[in-house]
Amino acid sequence: MSETVLKVEGVTKVYTLGKRNVHALSNLNLQVKKGEFVAIMGPSGSGKTTLLNILGCIDKPTSGKVILDNVGVADLPEAELYKIRRNKIGFVFQSFNLLPYLNARENVELPMENNGKSKNERQSKAKELLAMVGLSGREEHRPQRLSAGEQQRVAIARALANDPAIILADEPTGNLDNKNKQEIVKLLANLNLTQGTTIILVTHDGQVASRTERILFLSDGKITREKNGLHLANKLMCPNCGNKLPTTEAKCPNCGSISNIKEPSNSLFEEEVAED
Amino acid sequence: MGVLSRAYRNISRRKIRALLVILALSFSMSILISIPAGITANQTATQNLTVNLSETIARTEASINQALTQIECSLTPSFEGFGFSPPPSGNFQRPENIADNFMPGQFGGGRVPGQFGGGPFGGRGNVAMNETLYTDIKSISGVAAVVPILEVSQGENQTIEMFGRSFTRMVPNYIIEGIPLTSLVDSYPILPTNITAGRNLQPGDSGVVLLSENNTRFFNAGVGDKIEILGQTFEVVGVYGSTGVSDVMTLYMNLTDAQTVTNNVGYITSLLVFTNDSSSVSDVAAALNSLHPELNVVTAQQRLDQLNDMRERYTAELQNAQTTLSQTQATALQEIVVVVAATSLIVLFVMLYTVRERTKEIGTLKAIGFSNRNILSQFVLEGIMLSAVAGVVGIAIGTIAAPFISSILIPTVNPIGNVVLRVGTGITPAVNVVTVDPQLMLMTFGASILLGMLGSLYPAWRASKIRPAEAMRYE
Ligand SMILES: Nc1ncnc2c1ncn2[C@@H]1O[C@H](COP(=O)(O)OP(=O)(O)OP(=O)(O)O)[C@@H](O)[C@H]1O
Ligand SMILES: [Mg+2]
């Protein structure tokens with residue numbers, strides 16, 4: 001098995017609303033390996049956002065452990081947490097959350113601002129990321145001049161700015177029309193395949209979830225069911241040990257054998273997009 | 001894209017709001033710069049007044065000490081017999097050349113033709129005295145010398161516009177002082193001593209004048225020049241310096257010249273009597289009083305007493321001015337406290353509003369790795385930027401409008417932005433214009449930064465404490 005990037009052990013989150021206690025998460029366990037593309041589904045109020053916020057270190061569990069990239073983050077003080085958020089996590093939001101008074105490049109540069117990078121390094125990295133999400137030439141445009149899909153691409157580029165261990169996306173397609181939804185999912189899947197980015201996304205949309213490789217069903221604060229997604233077919237298998245290869249890496253992290261590298265077909269997405 | 005340009009962009013994003021806030025803040029900043037400017041003017045005026053006062057007192061004291069053996073005699077102008085009443089009795093003869101309706105002893109009387117002013121309102125009456133009537137004074141025992149003096153003012157009536165009204169008053173151009181230029185001037189302090197150009201008058205001089213600095217400007221003449229006085233030409237032999245803060249308009253010439261040129265031959269306006277020593281002054285004064293009861297006899301002692309009275313009165317008024325100053329300072333301090341509070345409250349509420357409005361943005365920034373301190377400094381900086389811009393505008397307004405603004409807020413500043421302080425008539429009033437100096441500008445700018453920081457600290461702290469999970473949930 002490849003390296004575990006995220007381990008959630010017995011996480012419980014209780015909100016107190018007046019005299020009533022809301023158990024948003026109860027004794028939840030979860031492991032995500034490096035390079036996995038995971039979807040979390042579940043009915044409204046099942047605790048998806050709560051879980052994602054805890055994984056993203058912007059909320060703390062009532063009890064339990066969260067180990068992110070080998071660091072236990074559940075008990076870290078705020079003075080440490082913001083560095084984890086900056087360096088290990090990339091957030092993608094449902095409503096994009098771009099700063100309206102900054103252009104695309106400046107929005108992407110934001111997470112790098114306090115990271116000791118020079119202005120030039122920040123700028124070229126931001127341009128590189130924007131090119132990766134297909135927005136070359138739109139660097140100096142402000143969000144209001146970009147379409148919803150384009151704005152979410154900028155947000156994804158921003159999430160990638162500090163090469164995080166994991167991308168957390170809460171309903172990233174929730175505000176998008178069908179065509180843009182497909183393109184964003186395709187973009188995320190491609191990032192996962194070509195860059196090996198670990199992605200966890202929360203969605204209500206079964207179609208979107210099916211494009212990932214592993215679908216978790218959340219209900220009443222627990223993972224009740226788990227299912228493979230279509231994306232698994234795009235992943236390479238180690239011809240030697242049968243292990244799923246996280247990236248286009250030439251070497252299997254499990255058995256160390258050299259694999260036959262082939263480009264993923266992505267036919268799946270082309271079909272879907274064409275359907276509309 | 002630094003925190004600074006982000007702050008700038010955020011402010012310029014809502015232009016109308018920024019404009020209104022900056023306007024309100026610059027208004028209070030212009031008040032903030034005007035109050036100290038007004039107070040400084042008041043302080044300086046009080047200081048100057050103190051200096052003027054002590055100079056005048058010192059000068060008078062010195063001249064009295066110098067003339068301790070001196071007795072001054074003149075006719076008292078009388079208030080009796082308003083109008084055309086006959087002259088009071090006494091061994092007094094009116095000069096032939098005085099018009100009938102200007103009889104001595106009348107209100108405003110004692111005017112010699114060619115002479116203005118004087119009369120009952122002046123210090124010395126300038127009432128014409130027949131020289132020959134007082135030759136007996138010399139024979140009083142203890143008298144060392146008698147110096148007859150003729151003093152005649154020359155001027156013109158002027159109409160002055162002031163606050164929309166017009167006043168007519170006599171403005172003297174110069175005052176002729178006729179002194180007998182005999183050996184007396186060498187032995188007694190009659191002539192000015194501080195000669196600044198040329199020479200002093202000497203025994204035997206005639207057809208020459210000693211001018212004050214004020215006179216040189218009026219006649220536009222200096223040492224060696226010829227000037228015309230009442231149709232007669234005189235040569236300027238010297239100039240004496242002003243003894244105090246006020247301009248001295250007296251020019252000195254030979255008594256005979258003065259009598260001729262002013263058409264007062266045989267007449268004088270006062271007599272200076274010098275005694276052998278200061279101990280005999282009171283005896284001589286008493287003898288003078290019984291010999292010539294119509295004379296107003298003033299000894300140096302009396303003048304010293306008068307001076308002490310004056311000093312007491314002026315000191316009281318000066319204390320008054322200082323009390324007013326400290327009251328004004330207290331008022332100003334209260335006003336400053338109000339303005340400071342108002343300024344920081346404006347910043348506080350504007351920034352609180354901004355923070356509330358941008359909760360989602362703050363949550364996002366924190367979620368993508370901004371520290372509490374990053375957020376705090378972002379908002380403090382925005383507050384400072386707002387108030388610093390307002391500071392610059394306020395300083396610009398204040399530099400122009402400080403006189404006006406401080407006249408509204410500081411009771412001692414008049415509507416044209418002056419602080420005018422006076423004690424009595426003899427002392428030059430202290431006039432100070434409200435001005436804004438570079439140091440005050442710098443301090444006000446510093447204050448604007450400080451107030452921006454003060455006002456935005458709490459909102460920025462609130463911003464830094466925003467929990468991203470909650471900020472996203474309730475967007
Ligand atoms: N701050 C809070 N205070 C009190 N209760 C909360 C709070 N945040 C979430 N909850 C409750 O916790 C439960 C889980 O909420 P959560 O937002 O995680 O659900 P979700 O699965 O994301 O729902 P949705 O699909 O509608 O986004 C809900 O019952 C919700 O009302
Ligand atoms: Mg949710």
Since A:TYR15 meets every condition but one in (1) over 19 Å from the mean Cα position of the chain (by Cα); (2) aromatic (Phe, Trp, Tyr); (3) more than 14 Å from every other protein chain (Cβ to nearest Cβ), which condition does it not meet? (3)
Condition met for A:GLY90 (buried (at least 19 other Cβ atoms within 10 Å of the Cβ), under 19 Å from B:GLU361 (Cα atoms) and away from ligand 1 (no atom under 13 Å from the Cβ)): yes
The residue from A:PRO61, A:PRO100 that alone is buried (at least 20 other Cβ atoms within 10 Å of the Cβ), more than 16 Å from ligand 2 (Cβ to nearest atom) and not in a strand (DSSP E or B) is A:PRO61
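Counting residues that are free of Cβ contacts under 8 Å to residues at least 60 places away in the same chain and more than 19 Å from B:GLN259 (Cβ to Cβ), which strands (runs of 3 or more DSSP E) fully inside region B:188-241 reach at least 2?
The strands (runs of 3 or more DSSP E) meeting that bar are B:195-198, B:208-212, B:232-240.
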Counted residues, region A:51-105 - those being hydroxyl-bearing (Ser, Thr, Tyr), touching a Lys or Arg at 6+ places or on another chain (Cβ under 7 Å) and closer than 20 Å to A:GLN152 by Cα: 1
Out of all the residues in region A:23-32, is one or more surrounded by fewer than 23 Cβ atoms within 10 Å (Cβ to Cβ), touching a residue at least 24 places away in the same chain (Cβ under 8 Å) and assigned to a helix (DSSP H, G or I)? no
Among (1) facing another protein chain (nearest Cβ under 9 Å); (2) within 26 Å of A:LYS181 (Cβ to Cβ), the one test that A:VAL92 misses: (1)
Filtering region B:1-22 down to residues that are surrounded by fewer than 20 Cβ atoms within 10 Å (Cβ to Cβ) and among the polar types (S, T, N, Q), which residue is nearest to A:LYS125 (Cα to Cα)? B:SER5
Within region B:462-473, can one find any residue that is in a helix (DSSP H, G or I), at pLDDT 95 or above, surrounded by fewer than 16 Cβ atoms within 10 Å (Cβ to Cβ) and not charged (D, E, K, R)? no
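So that you can scan it fast, the table gives a plain yes or no per residue for (1) at pLDDT 95 or above; (2) under 30 Å from A:ARG158 (Cα atoms):
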site: B:THR343; (1), (2): no, no
site: B:LEU348; (1), (2): yes, no
site: B:LEU352; (1), (2): yes, yes
site: B:LYS360; (1), (2): no, yes
site: B:ILE375; (1), (2): yes, yes
site: B:VAL380; (1), (2): yes, yes
site: B:LEU386; (1), (2): no, yes
site: B:ILE395; (1), (2): yes, no
site: B:GLY398; (1), (2): no, no
Is it the case that some residue within region A:62-77 is under 15 Å from the mean Cα position of the chain (by Cα) and either away from chain B (no Cβ under 12 Å) or polar (S, T, N, Q) (or both)? yes
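Of everything in region A:36-58 that's more than 14 Å from chain B (Cβ to nearest Cβ) and either assigned to a loop (DSSP other than H, G, I, E, B) or touching a Cys at 6+ places or on another chain (Cβ under 8 Å) (or both), which residue is farthest from ligand 1 (Cβ to nearest atom)?
Per the criteria, the residue is A:GLU36.
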Contact list, first residue from region B:8-20 and facing chain A (nearest Cβ under 9 Å) and under 17 Å from B:ILE384 (Cβ atoms), second anywhere and surrounded by 15 or more Cβ atoms within 10 Å (Cβ to Cβ) and at pLDDT below 90, beta-carbon distance below 7 Å, six or more apart or interchain, is none
Is it the case that A:VAL71 is in contact with a strand residue (DSSP E or B) (Cβ under 8 Å, 6 or more places away or on another chain) and either free of Cβ contacts under 8 Å to residues at least 12 places away in the same chain or more than 16 Å from ligand 2 (Cβ to nearest atom) (or both)? no
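The values are calculated or read from the model by the stated rules, or taken from the named source; none is laboratory data. Keep in mind the model is a prediction, meaning the values are calculated, not measured. All Cβ positions, even for glycine, are placed from backbone atoms using ideal geometry, and neighbour counts span all protein chains on display.
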